[in-house]
Amino acid sequence: MIEVVRGDSPLVLGLPHTGTRIPDDVLSRLNATGQAMADTDWHIDRLYDGLLAGTTTVRTPIHRYVIDVNRDPAGISLYPGQNTTTLCPLTDFDGSPIYRPGMEPDAGEIARRRESYHAPYHVALTAELERLRAVHGFAILYDCHSIRSHIPFLFDGILPDFNIGTNSGTTCALGLERCVQDICAGATDYSHVVNGRFKGGWTTRHYGRPTEGLHAIQMELAQSTYMEETPPWTWAPDKAHALRRPLTEILTTLKNWSPA
C-alpha cells in the first residue's frame with residue numbers, strides 16, 4: 001500500500017527509500033548483509049515531517065532491496081560506467097552481495113516485483129503531480145534522499161552535505177534550481193554541490209518536464225548531517241534540529257515559487 005498524504009500546495013515530496021518492509025519470501029533469500037538493510041534512507045521521513053504545512057507526500061513502505069522505485073523500470077543504468085545498484089539490487093552500496101548464493105531474483109521475479117511495488121508507487125506519484133498541476137498550472141516534485149557520506153564503492157572521498165540533482169539543469173526551471181542552491185550556499189555550516197555524483201535518479205529525470213509545468217529536483221543528504229552513520233543508525237537530535245532549518249527554508253521557497 002502506497003502511503004499518500006495530500007496537501008494543497010504545488011509541492012510534492014517523494015519518499016522512495018525510507019521503507020523497511022521486506023516480504024517474507026524475499027527476506028528468507030537475503031543473506032545477513034541484505035537483512036541488515038544498511039542502505040535505507042534512515043529517518044528521512046522523520047527529518048522532513050512537519051516542516052511545512054500543505055505539502056503532499058508519497059511514500060512506499062517497501063525496502064529498496066526488494067525493488068528500487070527510483071531506478072528505471074527497464075533496468076537501464078542511470079550512471080553508465082560508474083558503480084551503482086540495479087532495479088532489484090544484488091549488492092549493497094559497498095558492492096557486497098545481499099542474497100544467499102543461488103537465491104537472486106530471475107527475470108520473472110523482477111517483473112512481478114515491478115508490477116507489485118514499482119508501478120503502484122509511480123501511479124500514486126503521477127496522480128498527485130497531475131492533481132496539483134491541474135490546480136496550480138504547475139507542480140514541483142522534491143525527491144527526498146540520504147546516503148552515507150563515505151562509500152568508496154560509489155564515490156571518492158567524503159560526499160558534500162547537500163547534493164542537489166536536476167540532471168544537469170534539465171528537470172526544473174533554472175530559477176528553481178538556483179533558489180535551492182542559494183539556500184544551501186547560505187547555510188554556511190554545510191557543504192553543497194549541484195549535479196555532482198548524484199544528478200537525480202529515474203524519478204527526477206522521468207517527471208522533470210519543466211516546459212510542461214512539471215519541475216523535479218532531488219536532494220541527496222549526507223547522513224552525517226542528522227544521524228550516526230553506523231548501526232544502529234541512530235537519530236542525532238541536535239544535528240537533525242539544526243538541519244531542519246535550511247530544509248524548512250528550501251521547502252518554503254519551493255512552495256511559494258511560481259513560474260515567471
Mind checking the alpha-carbon convex hull of segment 97-196 and giving the volume per residue in Å³?
150
Using Cα springs under 10 Å in a Gaussian network model of the chain, which residue among Ile158, Ile250, Ile98 shows the largest mean-square fluctuation?
Ile158
Output ³J(HN,Hα) for segment 132-137: one whole-Hz value per residue in order, computed from phi by the Karplus curve 6.51 cos²θ - 1.76 cosθ + 1.60 with θ = phi - 60°, and x for Gly and Pro.
6, 5, 5, 7, 9, x
Calculated from DSSP H runs of 4 or more alone, at -39500 (n - 2.57) each and per residue, what is the 222 nm mean residue ellipticity of the chain, nearest 500?
-8500 deg cm²/dmol
Using amide H atoms built in the peptide plane, which far-off residues or other-chain residues are under 5 Å from Leu30 H to H?
Arg100
Where Rh is the Kirkwood radius over the Cα pairs of segment 85-130, the temperature 25 °C and the viscosity 0.890 mPa s, what D in µm²/s does Stokes-Einstein return?
200
quick note, the chain, DSSP beta bridge pairs, % antiparallel (nearest 5) is 35
Counting C-alpha atoms alone, how compact is segment 12-67: give Rg to one decimal and Dmax as a whole number, in angstrom.
13.1, 41
Most mobile of Val135, Val180, Val69 per a Gaussian network model of the chain (Cα springs, under 10 Å)?
Val135
Amide hydrogen neighbours beyond the local backbone of Arg209, cut-off 5 Å, H modeled
Leu214, His215, Ala216
What list of ³J(HN,Hα) couplings, whole Hz, do you get for segment 68-78 from phi and the Karplus terms 6.51, -1.76, 1.60, once you set θ to phi - 60° and write x for glycine and proline?
9, 6, 9, 10, 4, x, 7, x, 6, 5, 7
If you line up the Cα atoms of segment 168-260 on their principal axes, what length do they span on each, largest first, in Å?
43, 25, 19
Using just the C-alpha positions of segment 1-99 as equal point scatterers, what log10 of I(q)/I(0) does the Debye formula give at each q in 0.10, 0.12, 0.15 1/Å?
-0.32, -0.45, -0.68
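Read-outs throughout are calculated quantities, based only on the coordinates presented, and are distinct from any laboratory measurement. A quick note: this is a predicted structure, and the numbers were derived from the prediction, not measured.
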